[in-house]
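Please read the structure below before turning to the comments.
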Amino acid sequence: MEITSPEFWGYINQMANGAWVTIELFVSGFTLAFILGTVVGIISLSRNVVIQAIWRTYASIMMGVPSLLVIFILYYGGSAILSGIFGTSRIVDVTPFGAGLAALTLVYAAYVAELVHGAVRNLPRGQFEACSALSIRPHWAWYHVILPQVFRLALPGLVNIWLIVLKDTPLVSLAGLNDLVATAKISAGATKEPFIFFIAASLFFIAFSALSMPLATRLEARLGRGIAKVKT
């Protein structure tokens, strides 16, 4: 197939639409996992036996089961799960995008929660004592004092999770989502030119990952502002 042919550019346009779906799912999944994981990580600090049992069970399941299986469970069994939760006999339609978003959120929220949990544990106790001594309300203390330091400590792990979620997003194509990888596969099969379309899809992920690193460096510098640099 010639690059100048309208058919070729038609497939490229389909891949561009698939790339946008991939970006939407990836950014939405990571954002929700980050929010849920932060909340769960803070709650898991409780010494309550019931909360600890729930947290350990959730973490063990989500960290032990492959993401693909979670996607399949939510896609093929999501309707039954939702019907049971809401107590209705109506069939609830679960889309591949919805199942993928829920799976990425639930799986990677466990990893984010573990990072947040560990980062809080590594903070000096003096930070909490200082907030208490200054009579800072707990929610403001967490927002202005504790969480900025927690995210600074957890940033390397969060960057790793960001990249892993990016690479796991194409798994949702196995549930029928027309993302970048799915459209690349369709284009390669129709044109008998697998290298062109699969390499193009690979370059997208490489470029996205490459752009993430400078952003992570700038974020690290911002979170680390005000910290005295030790001269060696």
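The values are calculated or read from the model by the stated rules, or taken from the named source; none is laboratory data. Since the model is a prediction, treat every value here as computed from it, not as a measurement. Ideal geometry is used to build each Cβ from the backbone, glycine not excepted, and the neighbour counts take in all protein chains shown. The area values use the complete protein model at the heavy-atom level, side chains included, leaving out ligands, DNA and RNA. Shrake-Rupley method; radii C 1.70, N 1.55, O 1.52, S 1.80 Å.
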Computed over the chain: longest principal axis from alpha-carbon atoms vs helix 194-223 long axis, angle to nearest 10 degrees, is 20
Rounded to the nearest 10 degrees, the helix 96-122 long axis (Cα) sits at an angle to the longest Cα principal axis of the chain of 30
Scoring the chain by relative contact order with C-alpha pairs under 8 Å, at least six apart, yields a percentage of 28
At 10 °C and 1.306 mPa s, the Stokes-Einstein diffusion coefficient in µm²/s for the range 9-67, with hydrodynamic radius from the Kirkwood sum on alpha carbon pairs, is 113
Rounded to a whole %, the carbon-and-sulfur portion of the accessible area of the chain at a 1.4 Å probe is 67
Two pseudo-spin positions, 7 Å from Cα along C-beta at LEU69 and at THR57, lie apart in nanometres by 1.8
Per residue, accessible area of the range 5-224 with a 1.4 Å probe, heavy atoms of protein chains only, in Å², comes to 56
To the nearest 10 degrees, the tilt of helix 67-86 (Cα long axis) against the first principal axis of the alpha carbons of the chain is 80
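Over the chain, what portion of Cα pair distances is larger than 30 Å, expressed as a whole percent?
Details: 10780 of 26796 pairs.
Tail of the P(r) past 30 Å holds 40 percent of the pairs.
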Only helices counted: for the chain, with every DSSP H run of 4 or more residues adding -39500 (n - 2.57) and the sum spread over all residues, [θ] at 222 nm is -26500 deg cm²/dmol
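Please return the longest stretch of the chain lacking exposed loop sites, where trypsin sites (Lys or Arg not before Pro) count only if DSSP places them in a loop and at most 12 other Cβ atoms lie within 10 Å.
91-191
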Taking alpha-carbon centroids only, the range 54-83 lies from the range 108-126 a number of Å equal to 23
